[in-house]
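> Pasting a structure here, questions to come.
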Amino acid sequence: MKKLINYGVFALFALISFYVTEKTAVLFRNQDPLMTSIKAYKESNDIEPVDATIIDDYIIPGLAGEVTNEVKSLIKMRENNLFNELLIVTEEVMPDISLADNLDKIIIRGNSKKKMISLVLESDKLLKYFADNNIEVSLLVDNNNIDSINYGELINNDYVNYKEVEKKLNNLNKNNNLCIVNKNIEEYCRKNDKYLVEINKTFDNTNFIEIKNNLESGDIILVSDSTSYEYLDLLINYINSKNLKVVFLSKLIME
């Protein structure tokens with residue numbers, strides 16, 4: 001019994017010693033001029049994560065943050081004992097409310113802070129325009145056209161041959177697990193834990209003015225097969241004039 005008490009006392013003192021040592025180390029570390037500079041850098045440059053916004057069955061993705069790892073940065077700078085921004089170590093911090101934890105929700109747009117827009121093609125009919133102009137574009141594919149497409153981000157839209165198209169996308173290493181929700185394919189997408197996306201605007205030759213007047217960062221725009229190159233030029237030029245970037249859908253919704 002006495003030995004047991006002695007062991008307990010020893011463990012308690014060891015724990016207290018460790019706590020005091022750690023506190024002392026932190027105190028001295030915080031008084032280090034290098035750490036002072038790192039903390040000042042952190043205060044000015046850290047980017048806090050932004051939570052996703054959930055509205056009933058819908059979601060707008062959040063944004064990952066980037067924060068300075070003070071201790072790792074200090075260790076890297078200790079060799080020359082000189083503050084150097086190039087040696088700052090940062091770590092990604094995901095939002096508390098994240099898209100990945102809410103795959104049952106339907107994405108209705110990208111986060112407006114990203115200053116991006118995505119265009120989704122009904123098929124590969126207009127793909128040449130985007131390939132020739134080196135513009136990122138996502139497009140709906142099925143088993144009839146997937147084998148002939150060599151540009152853009154491919155989204156499975158074949159509810160009849162869904163599994164076969166999925167297999168081809170996986171073999172091509174081009175499966176970003178995206179799903180443009182419609183009544184035919186939503187069930188398949190939910191079963192396969194896809195990112196469910198709802199188009200919030202549709203563009204063709206008849207509604208350029210309407211799209212122009214209501215264009216917003218984060219828009220997901222379906223481009224109709226009937227759209228002419230002339231109107232595509234108008235749309236792209238206007239998007240550029242608003243300092244928005246056209247990106248793949250996967251990039252738009254990425255946190």
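Read the figures in this text as sums done on the coordinates, not as results from a lab. Worth saying up front: this structure is predicted, and the values here are computed from it rather than measured. Heads up, the Cβs are rebuilt from the backbone with ideal geometry, glycines too, and the neighbour counts pull from every protein chain shown.
> Over the chain, how many percent of alpha carbon pairs lie in each 5 Å bin up to the one with the longest distance?
Answer for the chain: a P(r) of 1, 5, 10, 12, 12, 11, 10, 8, 6, 6, 5, 4, 3, 2, 1, 1, 0, 0, 0 percent.
> Can you work out ³J(HN,Hα) from phi for every residue in the range 183-190, in order, using Karplus 6.51 cos²θ - 1.76 cosθ + 1.60 and θ = phi - 60°, giving whole Hz and x for Gly and Pro?
5, 7, 10, 4, 4, 4, 5, 5
> On to the next question. Among the complete DSSP H segments of the chain, which ones combine at least 24 Å of alpha-carbon extent along their axis with a mean Kyte-Doolittle hydropathy of 0.0 or more? Don't skip to the answer; put the middle values down first.
Details: long enough: 2-31 (43 Å, 0.60).
Correct list, ordered by number: 2-31.
> Given Lys194/Lys242; Lys125/Lys194; Lys39/Lys72; Lys168/Lys201; Lys128/Lys242, which pairs have Cα atoms separated by over 22 Å? Spell out each step's value before the answer.
Values: Lys194/Lys242 31 Å; Lys125/Lys194 25 Å; Lys39/Lys72 12 Å; Lys168/Lys201 29 Å; Lys128/Lys242 24 Å.
From the list (Lys194/Lys242; Lys125/Lys194; Lys39/Lys72; Lys168/Lys201; Lys128/Lys242), the Cα-Cα distance tops 22 Å for Lys194/Lys242; Lys125/Lys194; Lys168/Lys201; Lys128/Lys242.
> How many angstrom lie between the Cα centre of the range 121-187 and the Cα centre of the range 205-250?
Each part reduced to its Cα centre gives a spacing of 20 Å.
> Over the chain, what relative contact order in percent results from Cα pairs under 8 Å that are six or more residues apart? Could the numbers behind the result be given before it?
Numbers: 419 pairs, mean separation 51.5, N = 255.
Across the chain, relative contact order equals 20 percent.
> Let me ask another. ³J(HN,Hα) across the range 191-196 via Karplus (A = 6.51, B = -1.76, C = 1.60, θ = phi - 60°), whole Hz, x for Gly/Pro?
Result, rounded to whole Hz: 5, 9, 6, 7, 7, 7.
> Let me ask something additional. Give the long-range amide H neighbours of Lys201: residues separated by 5 or more places, or on another chain, with amide H under 5 Å away, using H modelled in the peptide plane at 1.01 Å from N.
Result for Lys201 returns Ile220, Leu222.
> Just to be sure I follow: if Rg is taken over the C-alpha atoms of the range 35-102 and Rh is the Kirkwood radius over the same atoms, what is Rg/Rh?
Values: Rg = 16.0 Å, Rh = 13.5 Å.
In the range 35-102, Rg relative to Rh is 1.19.
> Name the residue farthest towards the positive end of the dipole of the range 96-255 from the options Ile239, Leu169, Val137, assuming +1 on Cβ of Lys and Arg, -1 on Cβ of Asp and Glu, about the Cα centre.
Farthest along the dipole direction, towards plus: Ile239.
> Mind listing the long-range amide H neighbours of Tyr58? Cut-off is under 5 Å, sequence gap 5 or more, other chains count too, H placed in the peptide plane at 1.01 Å from N.
Ile106
> Putting +1 on Lys and Arg Cβ atoms and -1 on Asp and Glu Cβ atoms, find which of Asn200, Tyr151, Met254 reaches farthest to the positive end of the dipole of the range 143-255.
The Cα lying farthest towards the positive end belongs to Met254.
> Which percent of Cα-Cα pairs in the range 125-209 sits in each 10 Å bin, short to long?
The percentages, shortest bin first, are 16, 47, 31, 7, 0.
> Given +1 on the Cβ of Lys and Arg, -1 on the Cβ of Asp and Glu, and no further charges, what dipole in debye does the chain carry about its Cα centre, rounded to the nearest 20? Mind showing how you got there, number by number?
Values: 29 positive and 39 negative charges, 229 e Å.
So the magnitude is around 1100 debye.
> While we're here: Give me a comma-separated list of calculated 3J(HN,Hα) values for the range 82-94, in order, Karplus coefficients 6.51, -1.76, 1.60 applied at θ = phi - 60°, integers in Hz, x for any Gly or Pro.
9, 5, 9, 4, 5, 9, 5, 9, 10, 9, 7, 10, 7
> Listing Arg109, Arg78 from the residue with the fewest other Cβ atoms within 10 Å to the one with the most, what is the order?
Working: Arg109 24, Arg78 12.
Ascending Cβ contact count within 10 Å gives the list Arg78, Arg109.
> Please give the charge dipole size of the range 35-102, origin at the Cα centre, charges +1 on K and R Cβ atoms and -1 on D and E Cβ atoms. Round to the nearest 20 debye. Write out the running numbers ahead of the final one.
On the way: 5 positive and 14 negative charges, 122 e Å.
Once rounded to the nearest 20, the dipole reads 580 debye.
> Please list the non-local residues whose amide H lies under 5 Å from the amide H of Leu121, H modeled 1.01 Å from N, same-chain partners needing a gap of 5 or more.
Ser138, Leu139, Leu140, Val223
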